1. Within the group 95, 62, which residue is over 10 Å from the mean Cα position of the chain (by Cα) and under 24 Å from residue 166 (Cβ atoms)?
2. Of everything in the range 162-179, what is buried (at least 16 other Cβ atoms within 10 Å of the Cβ), over 17 Å from residue 238 (Cα atoms) and within 13 Å of the ligand (Cβ to nearest atom)? Give them in sequence order.
3. Only one of these is surrounded by 11 or more Cβ atoms within 10 Å (Cβ to Cβ) and outside the structural domain of residue 207 (by TED's automatic domain parsing): 30, 40. Name it.
4. May I ask you to list pairs of residues, at least six apart or on different chains, whose Cβ atoms are under 9 Å apart, with the first in the range 51-71 being among the basic types (Lys, Arg) and the second being more than 13 Å from the ligand (Cβ to nearest atom)?
5. Restricting the search to the range 197-240, which residues are hydrophobic (A, V, I, L, M, F, W, C) and over 19 Å from the mean Cα position of the chain (by Cα)?
6. Please work out which one of (1) within 24 Å of residue 149 (Cβ to Cβ); (2) of a type in the set (A, V, I, L, M); (3) surrounded by 15 or more Cβ atoms within 10 Å (Cβ to Cβ) is the condition residue 84 fails and give its number.
7. For a quick check of your reading: which helices (runs of 4 or more DSSP H) sit entirely within the range 4-121 and have at least 1 residues that are acidic (Asp, Glu), in contact with a Phe, Trp or Tyr (Cβ under 8 Å, 6 or more places away or on another chain) and within 27 Å of residue 142 (Cβ to Cβ)?
8. Using the structure shown, decide if residue 87 is in the same structural domain as residue 137 (by TED's automatic domain parsing), more than 10 Å from the ligand (Cβ to nearest atom) and at pLDDT 95 or above.
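The values are calculated or read from the model by the stated rules, or taken from the named source; none is laboratory data. Remember, predicted model here, so these are calculated numbers, not experimental data. Cβ placement follows ideal geometry from the backbone for every residue including glycine, while neighbour counts extend to all protein chains displayed.
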Amino acid sequence: MKLLFQKSLKYLLKHPLFFMPKRVATRIWLYGLRSKNIGLISYEAPDQKAVFDRIHHLKKETGMLQEVHEAYQLYQIASSLQRIPGDMAEVGVYTGGTACLLREADTKKTLHLFDTFTGIPEVSEEDTAYFYKGQFATSLQAVKNRLNAYENILFHPGFFPETASIVKENTFSLVHLDADTYRSTQACLSFFYSRMSEGGMIVGHDYTTSAGVHQAFSEFFSDKKETVLTLLGTQCMVVKLGF
Ligand SMILES: C[S@@+](CC[C@H](N)C(=O)[O-])C[C@H]1O[C@@H](n2cnc3c(N)ncnc32)[C@H](O)[C@@H]1O
């Protein structure tokens, strides 16, 4: 009797009818996500999983604002630029989550970190109403403590571009712009563009969601040979050309 029961249960669990409700529920769920313009990413390769796991951990530990897939893109871009000469820089450090990620993607290059650490310095009429002066204020010391275990990081606290003159002779392979507003992004592009190595990349966050960031990129590259490529999420990317 017991054996018959076990056999029947096995048969039922393998039967396609058993999976149907699950499949239907999954389809409905996916349809719901798609109607909200949300996609799911599947990552199967062990090295991809390791990066995603690290990103999940960093998000929890640091309060990093980038979405997981954006952080993954940033990590992959930073690791792919190891052979391009030049330093890495980030404007918009906040609690240091993306800085940790950049440092882990490339452990050798000098990483310059620019932030007021007192939050967004100003907003202008070009900016999305969501942003305001003083938003994302944090503690420089807390960020320094967080990044203490890593090497070759230089902090440049204060208002960019006033803090930029110290790196005016440097070249850059990767610049990550996450400063949220029109004027800050404009100042960053004006400063870094001519200092980018050939093949170097500028990655911008909030390009698709912050009107000011979008305008700054569009205006700046309107008379340049490079094009602004929209990535997954809110990011964009520009590859510096050499001819
Ligand atoms: C959204 S937060 C950065 C988030 C961080 N990259 C992350 O993913 O967790 C934006 C930061 O840009 C900084 N910021 C904006 N404009 C700036 C400027 N002109 N100079 C220095 N820092 C600026 C703000 O202080 C704020 O910490």
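1. Matching residue, one of 95, 62: 95.
2. The answer is 163, 164.
3. 30
4. Between residues of the range 51-71 that are among the basic types (Lys, Arg) and residues that are more than 13 Å from the ligand (Cβ to nearest atom), the close pairs are 54/104.
5. Result: 220, 221.
6. Against the list (1) within 24 Å of residue 149 (Cβ to Cβ); (2) of a type in the set (A, V, I, L, M); (3) surrounded by 15 or more Cβ atoms within 10 Å (Cβ to Cβ), residue 84 comes up short only on (1).
7. 97-105
8. yes
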